[in-house]
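K.L.:
Input: one structure, supplied below.
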């Protein structure tokens, strides 16, 4: 007997899920904000990265929420990656419960909750919440993207779109990591004379590309799939494109435990831009 496969979700299913998924992400963000950063315990993972009670609280909320909203769709979370069974060839959720833990521990506000729905190796839906900033970027590829500004009343929802490349001779605005610089990325930026660097933490960088605040976000050093997938979907939904340095598309969920790595990527605001 063949083992039953989870369904491969398309645009209509993603559209039906985006509101309940946004609610899950908002609740996860609230749990993070409820943690006392000055008193919390910070542990180290085997790879040397930190994990806090905020990471784990957000992960519990997301896991429970996904089990109720879409029980037939598997999920892969950074905090539960050891138990992951890959590859996922149909649809699955890819989650980073707290992206930018180092920013969070340092007391800064540029940390995010990232949730993506990946179908056939490509992020279809993405939600990035920056709870301390009161912002959410979300989108469905082919259906557009929007930014939510949260407050005491009903969220302000605005459509967003990436922007074209600067005209020849005009400087690029480049989103760069505050904590994860590398020589290849620096060389890429240097090849664009006069580039204006915009230092940001976590997946906020993808949000700024998607809303047209910056032109490009290059990271030419390894990171993890859960750091990239939600931003990939949001930028693509907003009209941009994500590739490696040779212009090749990224593929998610294809490997095993050792293959949760994205070797490099460039998030282009202008889909016609080239390396």
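The values are calculated or read from the model by the stated rules, or taken from the named source; none is laboratory data. In this text, all values refer to a predicted model and were calculated from it rather than measured experimentally. Glycine gets a Cβ as well: all are built from the backbone with ideal geometry, and neighbour counts include every protein chain shown.
K.L.:
For residue 120, state whether it is in contact (Cβ under 8 Å) with a residue 40 or more places away in the chain, in the same structural domain as residue 262 (by TED's automatic domain parsing) and under 23 Å from residue 259 (Cα atoms).
P.N.:
no
K.L.:
Using beta carbons and a limit of 8 Å, which pairs, at least six apart or on different chains, have the first residue in the range 30-55 and within 16 Å of residue 112 (Cβ to Cβ) and the second one modelled with pLDDT under 85 and in a helix (DSSP H, G or I)?
P.N.:
51/79; 55/79
K.L.:
So which residues in the range 132-156 are assigned to a strand (DSSP E or B), in contact with a helix residue (DSSP H, G or I) (Cβ under 7 Å, 6 or more places away or on another chain) and surrounded by 21 or more Cβ atoms within 10 Å (Cβ to Cβ), if there are any at all?
P.N.:
Listed by number, the residues that qualify are 136, 137, 138, 139, 140, 145.
K.L.:
For residue 204, only one of the following conditions fails: (1) touching a helix residue (DSSP H, G or I) at 6+ places or on another chain (Cβ under 8 Å); (2) surrounded by 21 or more Cβ atoms within 10 Å (Cβ to Cβ); (3) within 21 Å of residue 179 (Cα to Cα). What is its number?
P.N.:
Of the numbered conditions (1) touching a helix residue (DSSP H, G or I) at 6+ places or on another chain (Cβ under 8 Å); (2) surrounded by 21 or more Cβ atoms within 10 Å (Cβ to Cβ); (3) within 21 Å of residue 179 (Cα to Cα), the odd one out for residue 204 is (1).
K.L.:
Exactly one condition in (1) at pLDDT 90 or above; (2) outside any strand (DSSP E or B); (3) within 19 Å of residue 226 (Cα to Cα) is not met by residue 123; state its number.
P.N.:
(2)
K.L.:
Any idea how many residues of the range 171-186 are in contact (Cβ under 8 Å) with a residue 24 or more places away in the chain and farther than 20 Å from residue 102 by Cα?
P.N.:
So the count comes out to 6.
K.L.:
Mind checking whether some residue in the range 209-223 is on the phi > 0 side of the Ramachandran plot and not assigned by TED's automatic domain parsing to the domain that holds residue 75?
P.N.:
Yes, the range 209-223 has at least one match.
K.L.:
Among the candidates 129, 152, single out the residue that is in the same structural domain as residue 93 (by TED's automatic domain parsing) and more than 19 Å from the chain's Cα centre (by Cα).
P.N.:
152
K.L.:
Evaluate the following for residue 116: is it assigned to a strand (DSSP E or B), in contact with a helix residue (DSSP H, G or I) (Cβ under 6 Å, 6 or more places away or on another chain), modelled with pLDDT of 95 or more and within 19 Å of residue 218 (Cβ to Cβ)?
P.N.:
So residue 116 does not fit the description; no.
K.L.:
Just give me the residues in the range 29-44 being surrounded by 10 or more Cβ atoms within 10 Å (Cβ to Cβ) and assigned to a strand (DSSP E or B), in sequence order.
P.N.:
If the condition is that a residue be surrounded by 10 or more Cβ atoms within 10 Å (Cβ to Cβ) and assigned to a strand (DSSP E or B), then 42, 43 are the ones that fit.
K.L.:
From the list 221, 202, which residue is within 23 Å of residue 78 (Cβ to Cβ), in a loop (DSSP other than H, G, I, E, B), under 15 Å from the mean Cα position of the chain (by Cα) and in contact (Cβ under 8 Å) with a residue 12 or more places away in the chain?
P.N.:
202
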